[in-house]
1. Output the residue which, of all residues in segment 66-78 that are at pLDDT 90 or above and of a type in the set (Val, Ile, Thr), is surrounded by the most Cβ atoms within 10 Å (Cβ to Cβ).
2. Given the criteria in contact (Cβ under 8 Å) with a residue 24 or more places away in the chain, touching a Ser or Thr at 6+ places or on another chain (Cβ under 6 Å) and assigned to a loop (DSSP other than H, G, I, E, B), does residue 102 qualify?
3. For segment 79-101, does any single residue satisfy the condition of being of a type in the set (D, E, K, R), farther than 28 Å from residue 150 by Cα, in contact with a helix residue (DSSP H, G or I) (Cβ under 9 Å, 6 or more places away or on another chain) and loosely packed, with under 13 Cβ neighbours inside 10 Å?
4. Take the residues in segment 127-141 that are more than 27 Å from the chain's Cα centre (by Cα) and part of a helix (DSSP H, G or I), then tell me which one is modelled with the lowest pLDDT.
5. Among the listed residues 3, 31, identify the single one that is over 16 Å from the mean Cα position of the chain (by Cα) and either surrounded by 11 or more Cβ atoms within 10 Å (Cβ to Cβ) or at pLDDT 95 or above (or both).
6. Of the conditions (1) surrounded by 13 or more Cβ atoms within 10 Å (Cβ to Cβ); (2) modelled with pLDDT of 95 or more, residue 108 satisfies every one except a single condition; which number is it?
7. Considering only segment 44-57, I want to know if a residue exists there that is surrounded by 15 or more Cβ atoms within 10 Å (Cβ to Cβ), among the acidic types (Asp, Glu) and under 20 Å from the mean Cα position of the chain (by Cα).
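The values are calculated or read from the model by the stated rules, or taken from the named source; none is laboratory data. Just so it is clear, the model here is predicted, and its values are computed rather than measured. FYI the Cβ positions are ideal-geometry reconstructions off the backbone, even for glycines, and counts take in every protein chain you see.
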Amino acid sequence: MMALDCRKLMTARLVDSLYTEAMLLADEARAYFDEGGRADRQALEPLARVSFSCESLKVTTRLMHVIAWLLMRKAIAAGEVREDERAESRRLGHAAGSEADAIAMMPPAAVQLIAASTDLYDRVARIDRDMYEALPVSPALGLIQKLERAL
């Protein structure tokens, strides 16, 4: 029983840490793409400006998917939402990756935000994938595990 409590505590700490990181990164991205990056964007060629706008949306999408996933994990841990292990709505949403050619045209600050958002998204995607790939293949084993968790 003690190991289970420690695992729950570590999971809560991990979710809290990732949530803080995601919110700080979202704030940095908003500040840069909405305000600070205007001069960077204006200095780009027209095609690169379009890529800049697209990358801004991709960064935002990645971060919003991560934040939504983390909020769902918090709600499940708090008992506000029932854990449905096979519900697709509990999974991390898809976010398009960035193209190397587009990144090559970006100013250094944009490249840093793109890389940071991609790294965070990839880490959360691995956690999400590991959670769902670890599901039992056998329906009977799944029921037994649900009963064990209920005790």
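1. 66
2. On the way: in contact (Cβ under 8 Å) with a residue 24 or more places away in the chain: yes; touching a Ser or Thr at 6+ places or on another chain (Cβ under 6 Å): yes; assigned to a loop (DSSP other than H, G, I, E, B): no.
No.
3. As a first pass, look at segment 79-101 and keep what is of a type in the set (D, E, K, R): 80, 82-86, 88, 90-91, 99, 101.
Restricting the remaining residues to those that are farther than 28 Å from residue 150 by Cα gives 99, 101.
Now drop any that are not in contact with a helix residue (DSSP H, G or I) (Cβ under 9 Å, 6 or more places away or on another chain), which leaves 99, 101.
With loosely packed, with under 13 Cβ neighbours inside 10 Å added as a condition, the list becomes 101.
Checked segment 79-101: at least one residue is of a type in the set (D, E, K, R), farther than 28 Å from residue 150 by Cα, in contact with a helix residue (DSSP H, G or I) (Cβ under 9 Å, 6 or more places away or on another chain) and loosely packed, with under 13 Cβ neighbours inside 10 Å.
4. Step one: list which residues in segment 127-141 are more than 27 Å from the chain's Cα centre (by Cα), which gives 138-141.
Next, from what is left, pick out any that are part of a helix (DSSP H, G or I): 139-141.
Values: 139: 74, 140: 75, 141: 70.
Filtering segment 127-141 for residues that are more than 27 Å from the chain's Cα centre (by Cα) and part of a helix (DSSP H, G or I), the one modelled with the lowest pLDDT comes out as 141.
5. Details: 3 fails: either surrounded by 11 or more Cβ atoms within 10 Å (Cβ to Cβ) or at pLDDT 95 or above (or both).
Result of the check over 3, 31: 31.
6. Of the numbered conditions (1) surrounded by 13 or more Cβ atoms within 10 Å (Cβ to Cβ); (2) modelled with pLDDT of 95 or more, the odd one out for residue 108 is (1).
7. yes
Yes/no per residue for (1) assigned to a helix (DSSP H, G or I); (2) free of Cβ contacts under 8 Å to residues at least 12 places away in the same chain:
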residue: 52; (1), (2): yes, no
residue: 55; (1), (2): yes, no
residue: 75; (1), (2): yes, yes
residue: 84; (1), (2): no, yes
residue: 95; (1), (2): no, no
residue: 117; (1), (2): yes, no
residue: 122; (1), (2): yes, yes
residue: 125; (1), (2): yes, no
